[in-house]
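Report on the following structure.
The values are calculated or read from the model by the stated rules, or taken from the named source; none is laboratory data. As the structure is a computational prediction, the values presented were derived from the model and not from experiment. In this analysis, Cβ positions are derived from the backbone assuming ideal geometry, glycine residues included, and neighbour counts consider all displayed protein chains.
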Amino acid sequence: MIIMSPPKILDPIDRRILRIVQKDASLSIHEIASRVGLSQTPCWKRLQRLEAAGVIKRRIAILDPIKLGLGITVFVTIEVGDHSGQGLERFATALAAMDEVMDFYRTAGDVDYILRVVVPDTAAFDDFYKRLIALAPLKNVTSRFALENIKSETAFPIAG
């Protein structure tokens, strides 16, 4: 797949399309087009252009982790001991491949990485933790167990 550079300017119709599809990607082209005031073909072409440019990365279903038996969310901060390039690259690749890791950020500041990990229970987190610390020499790993999810949003605030 050839990835084009993002459109230089998203016009108001592009922005409306993006607001709609990021809330419900299952809508038909007909429904999206009618909501933005276009016929189906121009709407479809805009969606294709936004996908080709990488503005729309993928269309997914958002599942309920509790109903899947994944009741524990843990935020993990990591400080690595060695900042050499190859070691960090191998560490990041191995960590990104772990299914429990939902979000993985390299950060600036007092920690090197922040993870959002989702597991069924504390025993599963303990297993994850043991695999994590075996990946590389780490200076510090801190885990914070979420007690309640007050807000979880996937839709970006698109101005215009």
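Pick from the stretch 67-87 the residues that are more than 13 Å from L132 (Cα to Cα) and at pLDDT below 95: which of them is surrounded by the most Cβ atoms within 10 Å (Cβ to Cβ)?
The qualifying residue surrounded by the most Cβ atoms within 10 Å (Cβ to Cβ) is G87.
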Being among the hydrophobic types (A, V, I, L, M, F, W, C), out of contact with any strand residue (DSSP E or B) (no Cβ under 7 Å at 6 or more places or on another chain) and either at positive phi or assigned to a loop (DSSP other than H, G, I, E, B) (or both) is the filter here; which residues of the stretch 102-130 pass it?
A108
How about the stretch 88-113: which of its residues are crowded, with 17+ Cβ neighbours inside 10 Å and hydroxyl-bearing (S, T, Y)?
Y113
Return yes or no: is I133 assigned to a helix (DSSP H, G or I), more than 22 Å from the chain's Cα centre (by Cα) and surrounded by 17 or more Cβ atoms within 10 Å (Cβ to Cβ)?
no
Single residue of D103, D11, D24 found to be free of Cβ contacts under 8 Å to residues at least 60 places away in the same chain, within 27 Å of L147 (Cβ to Cβ) and among the charged types (D, E, K, R)
D103
Among the residues of the stretch 48-77, count how many are of a type outside the set (V, I, T) and touching a helix residue (DSSP H, G or I) at 6+ places or on another chain (Cβ under 8 Å).
2
